[in-house]
Amino acid sequence: MIDQVVSMVNGWIENFDLLSEGWRAGIVVFALVFGTATAAYLAGHMIVALERKFTKTKNLWDDAVLHAARKPVVAFVWLQGVYWAAEVAHHYSKAEIFTVNGAVLQVGFIWIVVWTMLRAIKEIEKILVSPLKMKSPMDYTTVNAVSKLSRAVVIITAILIVMQTLGYSISGVLAFGGVGGIAVGFAAKDLLANFFGGFIVHLDRPFKVGDWVRSPDRSIEGTVEHIGWRMTTIRTFDKRPLYVPNAAFTTIVVENPSRMTNRRISETIGIRYTDVSHMAPIVSDIRTMLENHEDIDSQQTLIVNFLAFNASSLDIMVYTFTKTTEWVRFHEVKQDVLLKISNIIEGYGAEVAFPTRTLHLPDGLRLEKDRSPTGATSEDPARKQGDGKNTESAGSATKLGDEGESGEGE
């Protein structure tokens, strides 16, 4: 059909004698390009109109197909129109650049088909994970992995088809790939390890995007933002990005707190030794409070018992699980539980114990208060004054005695 159109246009140019052959060919080429632009514009607007019409239907897949095909259809119109213009120009010009028109058309057509398929895969991925479009949206990590694998298969197949179209032997390429793959495997073993590590993560799904993960083997803890084929991006709780090679996940232990069913409250609360008579009712009331608490899962393990005689307290073990797994809500529930336990203890006139020390003194030993640095006990001020005068008199007498002895000596 293309050859017939080109032959008809060339015959019309040769039979039209008003202008020179070059001018006639130029006008026809311009007309073809202008017509291509018009056709592409109309095709794009037609598909947009169809998209608006089909968005009102309940079928989601026709919307995805139309949206995926809109730009490739416009590109196909341009490819075909430019090819016709190039063929007309090639008929009157022997330039070498026009000798590749057929190969460019074939490669361009393959590229448009591949582009359409890649866009369709992307649109299908969006539908499958959207909670607005699907009643039960699929797991994003799984759908994303399948989408990446599908796109890789399409691209590799397209490359092989293009090479076959251009005259290269696929069998030779595959043989070279088998020999060269060994050398590439040794040179890029870390890259391949990360690739297969990412494949294992997508296959086993120990975590997905949005999960809180941590590793006791490494300093890794945060929220998963992206799972790639080479590395995984984790946002730490201080908002720093952490890039972990996927090969690391095949050798370390990964904990996923996001998949816990409950959060645990495990506390040891001590009361004073003087409150030992209230221990049994306090323990009973705490257990009853937890069993009736709306945010405590009574179906899980619940332990409230007198635990031990500690150095300064009588310890009570409180071990239970909350219904919520949300971090912020868990601390609100835990605060409420601890405050209610405190109220129960205070209700019996008891107190929560804190570290204390008792000093026992032997009988007959008395501590004196306000003892002076010289060891004398301080008493009333009048006595202190008297003591001062006596001390001064004794000093004067001593002085006179010394003088008398000196006189006798003389």
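The values are calculated or read from the model by the stated rules, or taken from the named source; none is laboratory data. Since the structure is predicted, the reported quantities are computational estimates derived from the model, not experimental observations. Backbone-built Cβ (ideal geometry, glycine too); neighbour counts: all protein chains shown.
Restricting to segment 290-347, give me the number of residues that are in a loop (DSSP other than H, G, I, E, B), under 30 Å from residue 358 (Cα atoms) and out of contact with any strand residue (DSSP E or B) (no Cβ under 9 Å at 6 or more places or on another chain). It would help to see each step written out before you state the result.
If we filter segment 290-347 for residues that are in a loop (DSSP other than H, G, I, E, B), which is where we start, we get 293-295, 297-302, 310-313, 323-326.
Pick out the ones that are also under 30 Å from residue 358 (Cα atoms) and you get 310-313.
Now narrow it down to the ones that are out of contact with any strand residue (DSSP E or B) (no Cβ under 9 Å at 6 or more places or on another chain): 311.
Final tally of qualifying residues: 1.
Mind listing whichever residues of segment 53-75 are part of a helix (DSSP H, G or I), more than 33 Å from the chain's Cα centre (by Cα) and within 18 Å of residue 126 (Cβ to Cβ)?
The answer is 54, 62, 66, 69, 70, 71, 72.
Is it true that residue 11 is modelled with pLDDT of 80 or more and small (Gly, Ala, Ser)? Talk me through it step by step, then tell me what you get.
Values: modelled with pLDDT of 80 or more: no; small (Gly, Ala, Ser): yes.
Taking the combined requirement at face value, the residue does not satisfy it.
Is there a residue being at pLDDT below 85 and surrounded by 15 or more Cβ atoms within 10 Å (Cβ to Cβ) anywhere in segment 210-222?
No, segment 210-222 has no match at all.
Quick one: is residue 337 in the same structural domain as residue 274 (by TED's automatic domain parsing) and more than 17 Å from residue 267 (Cβ to Cβ)?
no
Got at least one residue in segment 184-198 being in contact with a Leu (Cβ under 8 Å, 6 or more places away or on another chain), at pLDDT below 70, of a type in the set (Val, Ile, Thr) and surrounded by 12 or more Cβ atoms within 10 Å (Cβ to Cβ)?
The answer is no; no qualifying residue exists.
Could you run through segment 224-261 and say how many residues are within 21 Å of residue 140 (Cα to Cα), aromatic (Phe, Trp, Tyr) and surrounded by fewer than 17 Cβ atoms within 10 Å (Cβ to Cβ)?
Adding up the residues that qualify gives 1.
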